[in-house]
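The values are calculated or read from the model by the stated rules, or taken from the named source; none is laboratory data. A quick note: this is a predicted structure, and the numbers were derived from the prediction, not measured. Cβ coordinates were reconstructed from backbone atoms using ideal geometry, including for glycine residues, and neighbour counts include every protein chain displayed. For the accessible areas, the whole protein counts, side chains as well, though only heavy atoms, and no ligand, DNA or RNA atoms are used. Shrake-Rupley method; radii C 1.70, N 1.55, O 1.52, S 1.80 Å.
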Amino acid sequence: MARKKETHGSSTHALAARAAEWKTILRKMIVIRRFEEATEREFRRGKIGGYLHVYTGQEAVATGILATYRQGDVVYAGYRDHAQTLLLGSDPNGIMAELFGKGNGISHGKGGSMHLFDAAHGFYGGYGIVGGHLTLAAGSAYALRYKETESIAVCFFGDGAMNIGSFHEALNMAGLWGRSGMCPALFVIENNGYAMGTAVDRHSALTDLGARFDAYAIPNEKVDGQDVFAVHALAERAVATIRETGRPFCIEAQTYRFSGHGAADILQPYRSKNEVEEQKQRDPIRLMITRLTEEKIVTTEEVEAMEAEAQQIAQRAVEYAEQSPQPDPAELFTDIV
Ligand SMILES: Cc1ncc(C[n+]2csc(CCOP(=O)(O)OP(=O)(O)O)c2C)c(N)n1
Ligand SMILES: [Mg+2]
């Protein structure tokens, strides 16, 4: 019995000792889920234009990893970037306003869903060029060491991002700089099994994605991305080593997205409904609630209160975004170079 409950580094005793932290993590995961559901609804209502890619199903990855965030660290993500921004403490109202293309959105209405940006909170951007941001993250990591800080760069990217040239260029430099302790970077593969409609075994010659980091002398470990306890335990260990050594590390989080690739991916012909239903049995939020309830760390009432609060945060963000003004036309010419 005890063995079954064991996940990497999270025995019953260790869980209880950090009860408050787990509750905070659960609350954040629920906020992400409700926020993402609201964005999908608003897209369908025609309030959000352009692209929209949600994080539903993958919450444990960013949440478990960014629980190790320290002020001064810098975080990069691809275009599936709402969760990271919320986790770093950006105002949910400002994020939603950005998705609505409004002037008081966090990128002043010019970025939209794929290009959130909030340097004050350590978020150095969502990027629409798949895999292009890995080079930026490697360079940032170098700069952080060059300035003699103890901060690190964290870079989230998908399995599909590993097939662009800049992925290899970035990792080669990261491995090289890392040899002399000059690249404190955590690379996080969000392996959700698909790049748009193409499954990993149809887009990657080597399906062991983490192993690709071996080629650049960067240590790598896999983790069950639906198990927030395991993700967090590995992240804590990896981040402590990165801060200490200045060397890069890769976590391959094996996860699954419950929604379509983007809001326009309605039919999803590349996967069956059964597959999605089966994966939903491992909903990271449900898994966490079950575990914390079994361990008597949270009560059903507490979970209900978190749900209600998250719902309210999402609803308030939608109302704020709706009432926000369009961007000033002069805004067209700011922050463009
Ligand atoms: C350089 C580049 N090539 C192609 C695209 C089109 N595109 C957008 S998303 C995507 C798939 C990326 O999949 P993955 O990296 O696994 O991320 P996920 O959507 O699964 O989170 C592609 C090919 C793009 N945006 N940029
Ligand atoms: Mg993917």
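Here Gln268 qualifies as assigned to a loop (DSSP other than H, G, I, E, B), open to solvent by 30 Å² or more (accessible area, probe 1.4 Å) and within 16 Å of ligand 1 (Cβ to nearest atom). Any residue in the range 117-125 that is within 16 Å of ligand 1 (Cβ to nearest atom), closer than 24 Å to Pro184 by Cβ, touching a residue at least 12 places away in the same chain (Cβ under 8 Å) and under 13 Å from the mean Cα position of the chain (by Cα)? Checked against the condition, which is being within 16 Å of ligand 1 (Cβ to nearest atom), closer than 24 Å to Pro184 by Cβ, touching a residue at least 12 places away in the same chain (Cβ under 8 Å) and under 13 Å from the mean Cα position of the chain (by Cα), the range 117-125 yields at least one hit. Counting the residues of the range 161-206 that are in a strand (DSSP E or B) and farther than 27 Å from Ala264 by Cα gives 3. Looking across the range 213-250, the residues that are under 14 Å from Pro184 (Cα atoms), outside any loop (DSSP other than H, G, I, E, B), in contact (Cβ under 8 Å) with a residue 24 or more places away in the chain and of a type in the set (A, V, I, L, M, F, W, C) come down to Ala235, Ala238, Val239, Ile242, Phe249, Cys250. Going by the structure shown, is Arg45 among the basic types (Lys, Arg), without any contact (Cβ under 8 Å) to a residue 40 or more places away in the chain and open to solvent by 10 Å² or more (accessible area, probe 1.4 Å)? Criteria met by Arg45.
Of the residues making up the range 176-213, just one is open to solvent by less than 50 Å² (accessible area, probe 1.4 Å), more than 13 Å from ligand 1 (Cβ to nearest atom) and of a type in the set (D, E, K, R), namely Arg212. Take Asn163 and decide whether it is away from ligand 1 (no atom under 16 Å from the Cβ) and either at pLDDT 95 or above or on the phi < 0 side of the Ramachandran plot (or both). So Asn163 does not fit the description; no.
Each residue in the range 199-214 was checked for being polar (S, T, N, Q) and farther than 16 Å from Phe157 by Cβ, and 1 of them qualify.
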